[in-house]
Amino acid sequence: MIDRVLVIFLDGVGLGDDDPQVNPLAEAPLPALRSLLGGHRPIRAHGGLSTDQASLVALDAQMGIPGLPQSGTGQVTLLTGVNAPALLGQHYGPYPSQPLVDLLSRDNLFKRILSAGEAVAFANAYSDRFLNRVDRGTGRLSANARAALLAGLKLRGPNDLKKGRAVSSLLTNEYFQGLGYDVPDMSAAEAGAQLAHLAHDHKLTFFEFWYSDVAGHRQDRQLSLHLLKLLDEFIGSTVEELDTSRALLLIVSDHGSFEDLRTRKHTLNPALTLVAGAGHRKMASRLRSLVDVTPALLDVLDEQ
């Protein structure tokens, strides 16, 4: 029985070549992720791999539309089950255009679960300055964060972070401390545990990590390896703290970029998707493209 779902969204991470000169995911140690995958790496050759703990899926991000996948249409597709690139006739991003915002406004994953009377958390913490810009209508929001707002969810701030009810978008709390906020020191592993604890209180908990896409566009090997170290500690701790006999963890991306240091652009690689915990094989079997994510999550939760 699955009574909780935790989604960790990684912006711009595909399943790429088994080449450490090109793909940071083929070079970094990744002890936690490789433990979930029976010692294997999250690369394209291992798409479809399933172990007792987790399943790795190569998720189609093109969805029949030519061109490089983009964050706006990719994230909207993930959250609605509608092929957004097909709707627009093109891949579009990084932020959602008005037709995409209209689509999110009509229906999205967060709205669907809230309408069933269940609790949902968008776990990212934002600075007061950013939240004030959002209130004024001048803040640029990813499709994920826009969908949360349109569903009526609260965007969390420094006070939530201090109380242990949010997680910094950069995992550790150094950014908020640098802005002068009185928040505790926090390692990536401690942030993962905090996210898992937040997930205990919600039917769906969603966390967005966007810096992976930044690292991909910068083609910065050292930054990429540093982020993977933090992410691996974060994910490992999250899994340890979750009751994986009853909770499902979905790690999912919208398109490739980070996995290929040869280009500043996005890639045609499938989006990295890892499902762990309760029912991971059944969930993974339903996933072929970004279109399948929201319907599969809703079916999993409806079955309970």
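Every number here is computed from the coordinates shown, using simple stated rules; none is lab data. Values in this document were obtained by computation on a predicted structure and should not be read as measured data. When we count neighbours, we look across all protein chains shown, and the Cβ atoms used for this are built from the backbone with ideal geometry, even at glycine.
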Under 5 Å from the placed amide H of ARG4, counting only residues 5+ away or on other chains, we find LEU248
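Per 0.36 nm of contour for each residue apart, how much would the distance between MET1 and GLU240 grow if the chain were fully extended, relative to their Cα-Cα spacing? Can you show the working numbers first?
Numbers: separation 239, 0.36 × 239 = 86.04 nm, distance 1.86 nm.
This chain segment gains 84.2 nm when fully extended.
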Relative contact order of the chain, please, whole-number percent, based on alpha carbon pairs below 8 angstrom and at least 6 residues apart. 35
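Express as a percent, rounded to the nearest 5, the fraction of DSSP beta bridges in the range 4-302 (both residues included) that run antiparallel.
40
Between TYR95 and ARG165, 0.36 nm times their residue separation minus their Cα-Cα distance comes to what?
Working: separation 70, 0.36 × 70 = 25.20 nm, distance 2.65 nm.
In short, 22.6 nm is gained.
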Apply the a/c threshold of 1.5 to the C-alpha gyration tensor of the chain and tell me whether it is rounded, prolate or oblate. rounded
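Taking loop as defined by DSSP and a crowding limit of 13 other beta carbons within 10 Å, which trypsin sites (Lys or Arg not before Pro) in the range 158-226 fit? Could the numbers behind the result be given before it?
On the way: sites: LYS162, LYS163, ARG165, LYS203, ARG218, ARG221; in loops: LYS163, ARG165, LYS203.
Qualifying residues, ordered by number: LYS163.
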In nanometres, what is the gap between the two model label sites at GLN21 and ARG106, each 7 Å from Cα along Cα-to-Cβ? 4.9
The simple spin-label model distance between ARG129 and LEU223, using points 7 Å out along Cα→Cβ, in nm, is 1.9
Using only Cα atoms, locate the centre of the range 140-171 and the centre of the range 243-267, then give the distance between them in Å, rounded to an integer. 20
3J(HN,Hα) from dihedral phi, the range 71-77, Karplus parametrisation 6.51/-1.76/1.60, rounded to Hz, x for glycine, proline: 5, x, 5, x, 5, 4, 4
Flagged as over-length at 28 Å C-alpha distance, from LYS203/LYS282; LYS203/LYS265; LYS162/LYS282; LYS162/LYS203; LYS111/LYS282, the pairs are LYS203/LYS265; LYS162/LYS282
